[in-house]
Amino acid sequence: MIVRAPFERILVIKLGALGDFVQAMAPAAAIRAHHPDAEIVLLTGAAFADLARRAPYFDEVWIDERPRLVAPAQLLALRHRLRTAAFTRVYDLQTSDRSSFYFRLMGPGRRPEWSGIARGASHPHDNPRRDLMHTIERQAEQLARAGIAATGLPSVAWAAADVARFALPEPFVILVPGGAAHRPEKRWPVALYAALARRIAAQGAMPVVVGGADEMTLGAAIAADCATACDLTGDTSLGEIVGLARRARRAIGNDTGPMHLLVAAGCPATVLYSAASDPALTAPRGAVVTILQRDDLAALSVEEVAATLAMD
């Protein structure tokens with residue numbers, strides 16, 4: 001008689017932001033390797049759904065509609081979906097108040113095994129210094145507490161989309177001048193990016209500016225100052241950014257999500273940090289990553305940043 005292992009249905013929770021989502025891809029790969037025959041569902045934000053569906057780690061992607069306490073019908077619908085899915089284990093990689101609330105939402109009664117910080121979790125990550133750990137080490141330790149020994153570095157090579165439509169000559173260098181609009185102190189001044197673009201062009205490479213639609217003014221300013229720059233702000237999908245990364249000589253940008261995506265795609269990178277964030281906790285990890293930090297990014301010279309191009 002053949003004895004079959006009990007069917008496993010796994011939920012992974014990772015809601016955002018982009019840099020955090022990218023860094024969660026190493027744990028996602030480890031979870032898939034640890035549960036090779038399980039059905040794995042990802043609960044994530046709408047902004048990352050298309051990227052997540054390209055990943056080889058998930059069988060299904062659910063969108064978190066972020067129901068609020070003032071919307072009881074939505075909360076009840078989410079509770080019903082979570083409870084009836086019959087998950088055997090949940091890996092909460094978000095480890096936020098919201099994701100921990102979903103643990104409580106699945107009660108009362110028996111809940112699935114839970115890896116995270118929710119009170120009552122079967123596999124708690126209860127290291128009191130967890131918030132002082134780099135994201136990669138923190139998630140690796142969380143999974144180790146749940147019996148998953150190795151995570152490694154994130155890779156998003158599977159996400160690469162065709163970038164032929166941009167018809168970019170090689171070599172080119174990607175510039176990422178944007179970042180969270182409410183954190184301007186995390187941005188190197190756009191005038192310095194424009195001066196760097198001229199340096200790149202003088203070395204025979206094309207500066208290629210990427211960013212979201214709300215950063216198009218930055219791309220336009222750089223392109224206006226450097227005639228050979230290619231402004232792609234507001235015109236690339238996340239998959240196309242990965243595709244560009246696989247061909248670029250280097251990426252240079254602020255502490256922002258697309259830099260994590262570029263590094264995880266294998267692109268050599270220079271990441272610029274102000275005192276507003278700590279690279280020891282948040283910097284992208286990859287084969288070739290240079291971190292430059294000044295308390296005030298305006299004090300970081302074009303010469304210092306341009307010097308990292310010689311490392312390629």
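Subtracting the Cα-Cα distance of residue 65 and residue 202 from 0.36 nm times their residue separation leaves 44.5 nm of extension gain.
Magnitude of the charge dipole for the chain, about its Cα centre and with charges confined to Cβ atoms of Lys, Arg (+1) and Asp, Glu (-1), is about 1020 debye. I need the shape label for segment 158-311. Rule: rounded when a/c is under 1.5, else prolate if a/b > b/c, else oblate, with a, b, c from the alpha carbon gyration tensor. Since a/c stays below 1.5, the shape of segment 158-311 is classed as rounded.
Each Lys and Arg Cβ is given +1 and each Asp and Glu Cβ -1; about its Cα centre, segment 9-154 then shows a dipole of about 440 debye. For the listed peptides 237-248, 64-75, 175-186, a ranking on the average number of other beta carbons within 10 Å per residue, highest first, reads 237-248, 175-186, 64-75. Set against the labelled values [x] 24.0; [y] 20.7; [z] 21.8, Kirkwood radius over Cα pairs in Å computed from this structure falls on [y]. If you take the Cα centroid of segment 89-121 and the Cα centroid of segment 239-259, the two points sit 34 Å apart. Around the amide H of residue 203, modelled in the peptide plane, lies no amide H under 5 Å away from a residue 5 or more places distant or on another chain.
Using +1 at the C-beta of Lys and Arg and -1 at the C-beta of Asp and Glu, which of 207, 120, 286 has the Cα lying farthest in the positive direction of the dipole of the chain? Final value for the positive-end residue is 120.
Using a cutoff of 8 angstrom between alpha carbon atoms and counting only pairs six or more residues apart, the relative contact order for the chain works out to 16 percent. Over all other residues within a Cβ to Cβ distance under 13 Å of residue 140, the charged ones net out to +2, with Lys and Arg as +1 and Asp and Glu as -1. Put +1 on the Cβ of each Lys and Arg and -1 on the Cβ of each Asp and Glu in the chain; which of 23, 86, 260 then has its Cα farthest toward the positive end of the dipole? Positive-end residue among those listed: 86. Within the shell of other residues whose beta carbon sits under 13 angstrom from the beta carbon of residue 67, the net charge comes to +3, with Lys and Arg scored +1 and Asp and Glu -1. Decide, for segment 9-154, between rounded, prolate and oblate: order the square roots of the alpha carbon gyration tensor eigenvalues as a ≥ b ≥ c, take rounded if a/c falls under 1.5, and otherwise choose prolate if a/b is larger than b/c, else oblate. The shape class here is rounded.
Take every Cα pair under 8 Å whose residues are at least 6 apart in sequence, average their separation, divide by the length of segment 9-154, and the relative contact order is 27 percent.
With the helix formula -39500 (n - 2.57) applied to DSSP H stretches of n ≥ 4, the chain reaches a computed 222 nm mean residue ellipticity of -9500 deg cm²/dmol.
The alpha carbon gyration tensor of segment 1-83 gives principal lengths a ≥ b ≥ c with a/c of 1.5 or higher and a/b no greater than b/c, which makes the shape oblate.
Computed from the coordinates by the stated procedures, all read-outs in this text should not be read as laboratory data. Since this is a predicted model, take the numbers as computed values, not measurements. So basically every Cβ, Gly included, is an ideal-geometry build from the backbone, and we count neighbours across all protein chains shown.
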